[in-house]
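The values are calculated or read from the model by the stated rules, or taken from the named source; none is laboratory data. Keep in mind that what you see is a predicted model, and the values were worked out from it rather than measured. Every residue, glycine among them, receives a Cβ derived from its backbone with ideal geometry; neighbour counts consider all protein chains shown. Heads up: the accessible areas ignore ligands, DNA and RNA and are worked out on the full protein's heavy atoms, side chains in. Shrake-Rupley method; radii C 1.70, N 1.55, O 1.52, S 1.80 Å.
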Amino acid sequence: MNDLIFFFNQVMIGGVVLGSIYALGAVGITLIFGILRFAHFAHGDMMTMGGFVAFVLATLVAGMGLAFPLPTGFIVLPFAMVIAAGIALGIDKGFYAPLRARGARPVTLLIASIGVTMMIQGLIRLFFGTSTRSFFDTEPKTLIRIDVPIEGATRPISFTEPQLLLVILTLIAVVALHFFLTRSRLGKGMRAMADNPDLAKVSGINTKQVVRVTWIIAGGLACMAGTMLALDVSLKPDLAFNIVLPIFAAAIVGGLGHAYGAIAGGFLLGFAETMAVFNWAVLLRPFRDNLPEWLEIPSSLALVQSEYKLTVAFIILVVVLLVRPTGIFKGAST
Amino acid sequence: MSLVELKDIKAGYGGAPILNGVNIAIDASDIGVIVGPNGAGKSTTLKAIFGLLTVTDGSVTFAGQDITNSEADRLVPMGLSFIPQEHNVFTSMTVHENLEMGAFVRRDDISDTLDEVYEMFPDLKAKRRQNAGELSGGQRQMVAMGRALMSKPKLLMLDEPSAGLSPRYMIEIFEQVVKINRAGVGILMVEQNARQALAFATKGFVLANGQNRFTGTGQELLDDPDVAKSFLGG
Ligand SMILES: Nc1ncnc2c1ncn2[C@@H]1O[C@H](COP(=O)(O)OP(=O)(O)OP(=O)(O)O)[C@@H](O)[C@H]1O
Ligand SMILES: [Mg+2]
């Protein structure tokens, strides 16, 4: 029973947490692709940058000696998201919009976004150095334990307070996004533009405004994802390194341009990763006594060692591209 | 003063000019029909009015105002509406959402216009929660027309609304066009089914090689032996 709870803690909780972060990143990628038709390579670094914005705000707030019932990182998150959305708008205006105005092709924009990646990374290192930081230097990270009322279960289900808040916030963000896309005038305009940009223009939809809203949403959600990843683990300038591939994989698996696909893809990738690195030997141990002598359970039975977990996203991406290049949840994006 | 007037416009897609002096004038009471061979520049003419490509010479005026090279998000609120030849519905959105997108520029209550459109095309009302991509060609054309009407246009421009449709749908679409015109909306349409369209046109324009070849009332064009021989298939 304890082993099962261990499995639950590691795979299920870990998967939901990781999946939430991937989903928020992947939504941004898929929205930007849908509206602007290019792969925004700098998205992972926008997440890192968002994390640092939140970190600066949290440090400022902590410096003022204010105390809150929730981790400071979450208190400052809305403000960080606003700032990050503003920076995203600035990046678009400064780098991508001039290229679009000259009719640049998607490849050109992709390469420009690689440049933006390097710029963000350089700026972060310039201001914050290369060290790893934590939001919880000045306050404790609360651990939540739930005892399982089953005989033989001594190990509790456990997760941290940031993990719980992270999942709740992701849920709120997804629901809000859903209502925005299906109920609001601008959200529908956004879907229209992703569906058929020429017709959107002909209908009088203000395409520049739609582009701005796209960056605001993508930038805000990237900040949310980056901050929550930093709250869950730690904050470092190369946070994006392990993130870019999974979030692109999630967006592609979900069918580029489809927001719901990207969310599902994010959770799929999150669970795939935690399952791949889970040591399945743990679940076999209870049956040790019933197994024949010659069959010895190895001490580690993980599909992938956790240092190589990036390969999971890579393999899923390759398989999906080979089998269903348009994504596994929906047909072709027109 | 004409509702819309093109004076000697020249336009192209960046390479060689496609239009070499097109003249068109339409009143609010008119149904103007543009006919001509493939590649004559008929679609290009409509796109040039709608600011979808650059007019390099000449002028376009709408109700007396110069709208040469204006962008669509200015033209739609002024009262121009355009149904492109292809890809003229949002396939991943419902019929209802397609209509709402046609009213994107409006900030007032659109429910009356919605009712009118559904009354005009009862088929659409039954299918309003369905994605436009799942409809038949004729139904899509109705969605496209509905979408264009939602902005309450003064001038409706249609590019081959009957293309690929069965005679039954063609007749229905043409009947609606006449009805819309009677309600006070100027019509400028491109048609391959030239004879049928010229029969109800108040003005006809034959374009070839990016220039006007014949201009007259619909009946005049139908009666002209040269036009009949060269452009209406004998
Ligand atoms: N987007 C474009 N870029 C470059 N050239 C174009 C473009 N669209 C059309 N053309 C060219 O402009 C010319 C006129 O095309 P247009 O679409 O106006 O013809 P049309 O009279 O509408 O013909 P059809 O009856 O086939 O619809 C053609 O030679 C075509 O190759
Ligand atoms: Mg054409």
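Out of the helices (runs of 4 or more DSSP H) lying entirely within segment A:239-334, which hold 1 or more residues that are within 14 Å of chain B (Cβ to nearest Cβ) and touching a helix residue (DSSP H, G or I) at 6+ places or on another chain (Cβ under 6 Å)? Steps first, answer last, please.
Details: elements: A:244-253, A:259-277, A:281-284, A:310-323.
It comes to A:259-277.
Among (1) at pLDDT 95 or above; (2) more than 14 Å from chain B (Cβ to nearest Cβ), there is one condition A:T160 misses while meeting the rest; what is its number?
With respect to (1) at pLDDT 95 or above; (2) more than 14 Å from chain B (Cβ to nearest Cβ), A:T160 is out only on (1).
Tell me, please, whether a residue that is among the β-branched types (V, I, T), touching a helix residue (DSSP H, G or I) at 6+ places or on another chain (Cβ under 8 Å) and without any contact (Cβ under 8 Å) to a residue 12 or more places away in the chain can be found in segment A:166-178. Spell out how you get there, then give the answer.
Step one: list which residues in segment A:166-178 are among the β-branched types (V, I, T), which gives A:167-168, A:170, A:172, A:174-175.
With touching a helix residue (DSSP H, G or I) at 6+ places or on another chain (Cβ under 8 Å) added as a condition, the list becomes A:167, A:170, A:174.
Pick out the ones that are also without any contact (Cβ under 8 Å) to a residue 12 or more places away in the chain and you get none.
No; the residues of segment A:166-178 include none that is among the β-branched types (V, I, T), touching a helix residue (DSSP H, G or I) at 6+ places or on another chain (Cβ under 8 Å) and without any contact (Cβ under 8 Å) to a residue 12 or more places away in the chain.
Say whether the condition of being of a type outside the set (F, W, Y), in contact (Cβ under 8 Å) with a residue 40 or more places away in the chain and not in a helix (DSSP H, G or I) is met by at least one residue in segment A:17-39. Don't jump to the end; show me each part of the working.
The first filter runs over segment A:17-39 and keeps only residues of a type outside the set (F, W, Y), leaving A:17-21, A:23-32, A:34-37, A:39.
When the remaining residues are screened for being in contact (Cβ under 8 Å) with a residue 40 or more places away in the chain, the result is A:17-21, A:23-32, A:34-37, A:39.
Subsequent filtering for residues that are not in a helix (DSSP H, G or I) retains A:37, A:39.
Yes.
Only one of (1) more than 10 Å from chain A (Cβ to nearest Cβ); (2) at pLDDT below 95 fails for B:V4. Which number is that?
For B:V4, the exception is condition (2).
Give the number of residues within segment B:105-119 that are in contact (Cβ under 8 Å) with a residue 24 or more places away in the chain and within 13 Å of chain A (Cβ to nearest Cβ).
3
Which one is nearest to ligand 2 (Cβ to nearest atom), of the residues in segment B:42-74 that are within 10 Å of another protein chain (Cβ to nearest Cβ) and open to solvent by less than 70 Å² (accessible area, probe 1.4 Å)?
Residues of segment B:42-74 that are within 10 Å of another protein chain (Cβ to nearest Cβ), as a first pass: B:47, B:50-52, B:71-74.
Then drop every residue that is not open to solvent by less than 70 Å² (accessible area, probe 1.4 Å), which leaves B:47, B:50-52, B:72-73.
On the way: B:K47: 9, B:F50: 13, B:G51: 17, B:L52: 13, B:A72: 18, B:D73: 23 Å.
Restricting to residues being within 10 Å of another protein chain (Cβ to nearest Cβ) and open to solvent by less than 70 Å² (accessible area, probe 1.4 Å), the top hit is B:K47.
Considering each of A:V277, A:V253 in turn, give the residue that is more than 22 Å from A:V82 (Cβ to Cβ), buried (at least 22 other Cβ atoms within 10 Å of the Cβ) and at pLDDT below 95. It would help to see each step written out before you state the result.
On the way: A:V277 fails: buried (at least 22 other Cβ atoms within 10 Å of the Cβ).
Matching residue, one of A:V277, A:V253: A:V253.
Pull up segment B:75-91, narrow it to residues that are open to solvent by 10 Å² or more (accessible area, probe 1.4 Å) and assigned to a loop (DSSP other than H, G, I, E, B), then point me to the one that is farthest from the other protein chains (Cβ to nearest Cβ).
Of all residues in segment B:75-91, those open to solvent by 10 Å² or more (accessible area, probe 1.4 Å) come to B:77-78, B:84-88, B:91.
Filter once more, so that each one left must be assigned to a loop (DSSP other than H, G, I, E, B): B:84-88, B:91.
Details: B:P84: 6, B:Q85: 11, B:E86: 10, B:H87: 6, B:N88: 6, B:T91: 6 Å.
Checked segment B:75-91; the qualifying residue farthest from the other protein chains (Cβ to nearest Cβ) is B:Q85.
So which residues in segment B:197-234 are within 17 Å of B:V178 (Cβ to Cβ) and of a type outside the set (K, R)? Walk me through it before giving the result.
As a first pass, look at segment B:197-234 and keep what is within 17 Å of B:V178 (Cβ to Cβ): B:197-204, B:217-219, B:222.
Scanning segment B:197-234 gives B:A197, B:L198, B:A199, B:F200, B:A201, B:T202, B:G204, B:T217, B:G218, B:Q219, B:L222.
Across segment B:31-60, what is the total count of residues that are more than 16 Å from ligand 1 (Cβ to nearest atom) and under 23 Å from B:A183 (Cβ atoms)?
Summing the residues that are more than 16 Å from ligand 1 (Cβ to nearest atom) and under 23 Å from B:A183 (Cβ atoms) in segment B:31-60 gives 1.
Anything in segment B:92-104 that is open to solvent by less than 40 Å² (accessible area, probe 1.4 Å) and either over 14 Å from B:G146 (Cα atoms) or within 7 Å of chain A (Cβ to nearest Cβ) (or both)? List them, or say none.
B:M93, B:E97, B:M101, B:G102, B:F104, listed by residue number.
Restricting to segment B:158-190, and then to whatever is open to solvent by 40 Å² or more (accessible area, probe 1.4 Å) and either within 16 Å of ligand 1 (Cβ to nearest atom) or not in a helix (DSSP H, G or I) (or both), can you tell me which residue is nearest to B:K47 (Cα to Cα)? Let's see the steps before the verdict.
Quick first cut of segment B:158-190, residues open to solvent by 40 Å² or more (accessible area, probe 1.4 Å) only: B:163-164, B:166-168, B:171-172, B:175, B:179, B:182-184.
Next, from what is left, pick out any that are either within 16 Å of ligand 1 (Cβ to nearest atom) or not in a helix (DSSP H, G or I) (or both): B:163-164, B:166, B:183-184.
Values: B:A163: 18, B:G164: 21, B:S166: 26, B:A183: 25, B:G184: 23 Å.
In this case the residue turns out to be B:A163.
Restricting to segment B:115-129, name every residue that is open to solvent by less than 20 Å² (accessible area, probe 1.4 Å) and hydrophobic (A, V, I, L, M, F, W, C). Working first, answer last.
Going through segment B:115-129, the residues open to solvent by less than 20 Å² (accessible area, probe 1.4 Å) turn out to be B:117-118, B:121, B:124.
Within segment B:115-129, B:V117, B:F121, B:L124 qualify.
How many residues are facing chain B (nearest Cβ under 8 Å) and either assigned to a helix (DSSP H, G or I) or open to solvent by 10 Å² or more (accessible area, probe 1.4 Å) (or both) when one looks only at segment A:195-229? Give the steps one after another, and end with the answer.
So in segment A:195-229, the residues facing chain B (nearest Cβ under 8 Å) come out as A:195-196, A:198-207.
Filter once more, so that each one left must be either assigned to a helix (DSSP H, G or I) or open to solvent by 10 Å² or more (accessible area, probe 1.4 Å) (or both): A:195-196, A:198-202, A:206-207.
Residues meeting the conditions: 9.
Which number in (1) outside any helix (DSSP H, G or I); (2) touching a Lys or Arg at 6+ places or on another chain (Cβ under 8 Å); (3) at pLDDT below 95 marks the one condition that B:F104 misses?
Failing condition for B:F104: (3).
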